[in-house]
Amino acid sequence: MAETATPSLPSLEDLQHWTWVLGRAQQMMLEHGLDIFDHAPAASPFGALLDPTAAMRAGAGFWADTMQLWQRFLDPEHAQPYEETPEQAKDKRFKAPQWREEPVFDFLRQSYFVIADHLLKGVDSLEGVDPKHKDQLRFATKGFIDAISPTNFPATNPQVLEKIVETKGESLLKGLQHMLADMAKGQMTQTADGAFELGRNLGVTPGKVVKRTSLYELIQYAPATEQVYETPLIIFPPWINRFYILDLTPEKSFIAWAVAQGLTVFVVSWKSADASMKDVVWDDYVERGQIDAIDTVRALLGVDAVHAIGYCVAGTTLAATLAVLAARGQAEKVKSATFFTAQVDFSESGDLELFVDDDQLALIRSLGGDGYLDGRYMAATFNLLRGRDLIWNYVTNNYLMGQDYVPFDLLHWNSDVTNLPAAWHLSYLTDLYRDNKLVTPGLLSIGGTPVDLTRVTIPTYIQAGREDHIAPAQSVWKITHYFKGPLKFVLAGSGHIAGVVNPPAAGKYQYWTNEERAETLSEFFAGAKETKGSWWPDWIGWIDAQDGKKVAAKAARVPGKGKFKAIEDAPGTYVRTR
């Protein structure tokens, strides 16, 4: 057996050189800033921004930390030990033992953390900058920091070097094959191809498509119990994604679980936008989408009202739908409403708000020339929000190390993008994210009916994710400031997806409830009761409390046996179209 060669490591001279380069770069930026400041007009609005005092302090701090870093590397016995922050200690990128046991890579890891820390401190020290622009700069800086991690480059990642030696370079060829394939399809692969298929191991809850319009398909699921709740449930998933996030593999399916609890479940499967939808706007999603679907279910089952769920943007739309129904004297059509990670007040809407400025809106306008926005654009945007996990993780594992992709149903769904109506998406970003019009009564209208959220008085269940980076819990909480009916707020562990898709059998995470009235999320959390596991049982208990009456699961309760005949089996056609 041939002797394995030891991977070539950066020399001490190389490390010294790169430290000099980084230091010289910072010095040049500081000198450039001073030069601009010297030539700036006395009344320049940039005076505060170009004040060198903060930059000088930041530079001094950087050099002090760099000197300590070198002392730890060259004279560890007399140096002050490096103290990791809790965030650094749990950074998965550096979990391999080589990053601490081998001095060269330990130096790289520590120097990376020092540079990252001071880059962010440099942004935070800027004065005289518009808060939104400062947030954008900080977001961009964090993205840059993630991009320059030593884990992302073959020469500075010990695991990549070892893999190259172990495979005699074949790992690089396999990784190149992965990268070229992704470039060809214009989208980063995140899970194994062919591992999942709709109707085979995803979206397999038995049901039928009972209605199809130019905007949506309505799926009714077969009962799994002899008795079912008289009031049916209709679910509105976001049209930004495919509906089967709520019907993943059977053990994760919220839809299958809800059916097993005795609910007659309907779900709307939105059509992925094409050129025929160039004129579709928000009014259509309310009138021809949600209200039409609610009326369809009521007529099909002969009931007065439905329970409704709105997830993310469909939850925002459901809030508007409820306000419109109330204004038209039809509030009784919906017995209760549940909101999964949905926002109505966008004043604290998180990092997505950073993508809403004139430049981004102009870009979206240019990309939507055919009347729709390619779903890959939105997928890239969401990936950027968690670039470390959803971009660079795959660069390292699948491009640099040539590893096979892991089968993961959630990531398969995440990559299954949908197109968006361009006109509506632009108005959504401008009217809601940028201008926050939904919370001002009468500022928006649907079909000529002014929208006033304070007219919503039906019982409401509001779920938020504590670690949600798309719809922050603080933003979701604001719904409680506008609705006037009985409210129950539940804070779930994890984020935008895992906080929702958390079946009881998994025994994961936790949720918090508080029966006392609270004015703020902090006040709610301070007095909240923590319960281990899924919040789903709490929700079905709440649904039962709204109306526990049950009927036999027959006739129209069986898909295709009512006024609307079955068109095809679930999950339908729209969910498969690109």
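The values are calculated or read from the model by the stated rules, or taken from the named source; none is laboratory data. Computed from a predicted model, the values in this text were never measured in an experiment. Neighbour counts run over all protein chains shown; Cβ positions are idealised from the backbone, glycine included. For accessibility, only protein heavy atoms count, side chains too; no ligands or nucleic acids. Shrake-Rupley method; radii C 1.70, N 1.55, O 1.52, S 1.80 Å.
Within region 516-539, residues that are surrounded by fewer than 12 Cβ atoms within 10 Å (Cβ to Cβ) have Cβ atoms under 6 Å from residues that are at pLDDT 95 or above and hydroxyl-bearing (Ser, Thr, Tyr) in these pairs: Lys529/Thr513, counting only partners at least 6 apart in sequence or on another chain.
So which helices (runs of 4 or more DSSP H) stay within region 267-384 end to end and still have 2 or more residues that are in contact (Cβ under 8 Å) with a residue 60 or more places away in the chain and more than 27 Å from Trp477 (Cβ to Cβ)?
Working: elements: 292-301, 313-327, 358-367.
Ranges flagged: 292-301, 358-367.
Provide a single number: the residues in region 346-357 that are open to solvent by less than 10 Å² (accessible area, probe 1.4 Å) and under 27 Å from Lys484 (Cα atoms). Of the residues in that region, 2 qualify. If only residues of region 114-129 that are under 26 Å from the mean Cα position of the chain (by Cα) and open to solvent by less than 50 Å² (accessible area, probe 1.4 Å) are counted, the one that is farthest from Ala96 (Cα to Cα) is Val123.
Examine region 213-227 for a residue that is at pLDDT below 95, open to solvent by 10 Å² or more (accessible area, probe 1.4 Å) and not basic (Lys, Arg), and state whether such a residue exists. No, there is no match, as no residue in region 213-227 is at pLDDT below 95, open to solvent by 10 Å² or more (accessible area, probe 1.4 Å) and not basic (Lys, Arg). Check whether at least one residue in region 358-376 is at pLDDT below 75, open to solvent by less than 60 Å² (accessible area, probe 1.4 Å), of a type in the set (A, V, I, L, M) and within 28 Å of Pro131 (Cα to Cα), and report yes or no. No: zero hits.
Residue-by-condition table, conditions (1) in contact (Cβ under 8 Å) with a residue 60 or more places away in the chain; (2) farther than 30 Å from Leu198 by Cα; (3) surrounded by fewer than 20 Cβ atoms within 10 Å (Cβ to Cβ):
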| position | (1), (2), (3) |
| --- | --- |
| Val406 | yes, no, yes |
| Leu411 | yes, no, yes |
| Leu420 | yes, no, no |
| His425 | yes, no, no |
| Lys437 | no, yes, yes |
| Gly447 | yes, yes, yes |
| Arg455 | yes, yes, yes |
| Ser475 | yes, yes, no |
| Leu487 | no, yes, yes |
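Within region 315-333, can one find any residue that is more than 18 Å from Ser445 (Cβ to Cβ), basic (Lys, Arg) and open to solvent by 20 Å² or more (accessible area, probe 1.4 Å)? So far as region 315-333 goes, yes, one or more of its residues are more than 18 Å from Ser445 (Cβ to Cβ), basic (Lys, Arg) and open to solvent by 20 Å² or more (accessible area, probe 1.4 Å).
Matching residues to (1) at pLDDT 90 or above; (2) more than 19 Å from Thr191 (Cα to Cα); (3) under 16 Å from the mean Cα position of the chain (by Cα):
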position	(1), (2), (3)
Met378	no, no, yes
Leu384	no, no, yes
Thr418	yes, no, yes
Pro421	yes, yes, no
Asn436	yes, yes, no
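State all residues of region 243-254 that are open to solvent by less than 10 Å² (accessible area, probe 1.4 Å) and assigned to a loop (DSSP other than H, G, I, E, B); if no residue qualifies, say none. First the steps, then the outcome.
Initial filter on region 243-254 (open to solvent by less than 10 Å² (accessible area, probe 1.4 Å)): 243-248, 253-254.
The answer is Asp247, Leu248, Ser253.
Glu226 meets all of the listed conditions (1) in contact with a strand residue (DSSP E or B) (Cβ under 8 Å, 6 or more places away or on another chain); (2) free of Cβ contacts under 8 Å to residues at least 60 places away in the same chain; (3) acidic (Asp, Glu) but one, namely (2). With respect to the numbered conditions (1) out of contact with any His (no Cβ under 8 Å at 6 or more places or on another chain); (2) in a loop (DSSP other than H, G, I, E, B); (3) not aliphatic (A, V, I, L, M), which one is the sole condition not fulfilled by Gly402? Condition not satisfied by Gly402: (1).
Can you say whether Asp431 is surrounded by fewer than 19 Cβ atoms within 10 Å (Cβ to Cβ), part of a loop (DSSP other than H, G, I, E, B) and modelled with pLDDT of 85 or more, as far as the supplied structure shows? Against the criterion (surrounded by fewer than 19 Cβ atoms within 10 Å (Cβ to Cβ), part of a loop (DSSP other than H, G, I, E, B) and modelled with pLDDT of 85 or more), Asp431 does not qualify.
Under 6 Å between Cβ atoms, at least 6 apart or on separate chains: pull out the pairs that start in region 550-578 with a residue that is loosely packed, with under 15 Cβ neighbours inside 10 Å and of a type in the set (Asp, Glu) and end on any residue that is modelled with pLDDT of 95 or more and not in a helix (DSSP H, G or I). Hits for this filter: Glu568/Val209. The residue that is nearest to Thr381 (Cα to Cα), counting only those in region 436-480 that are among the polar types (S, T, N, Q) and touching a strand residue (DSSP E or B) at 6+ places or on another chain (Cβ under 8 Å), is Gln463. Applying the set (1) within 18 Å of Thr156 (Cβ to Cβ); (2) modelled with pLDDT of 85 or more; (3) open to solvent by 60 Å² or more (accessible area, probe 1.4 Å) to Lys90 leaves exactly one unmet item: (1). Would you please name the residue that is least open to solvent (accessible area, probe 1.4 Å), looking only at residues in region 257-278 that are polar (S, T, N, Q) and over 25 Å from the mean Cα position of the chain (by Cα)? Ranking the candidates gives Thr264 first. Taken as a whole, the condition of being modelled with pLDDT of 55 or more, of a type in the set (S, T, N, Q) and surrounded by 14 or more Cβ atoms within 10 Å (Cβ to Cβ) does not apply to Gln71.
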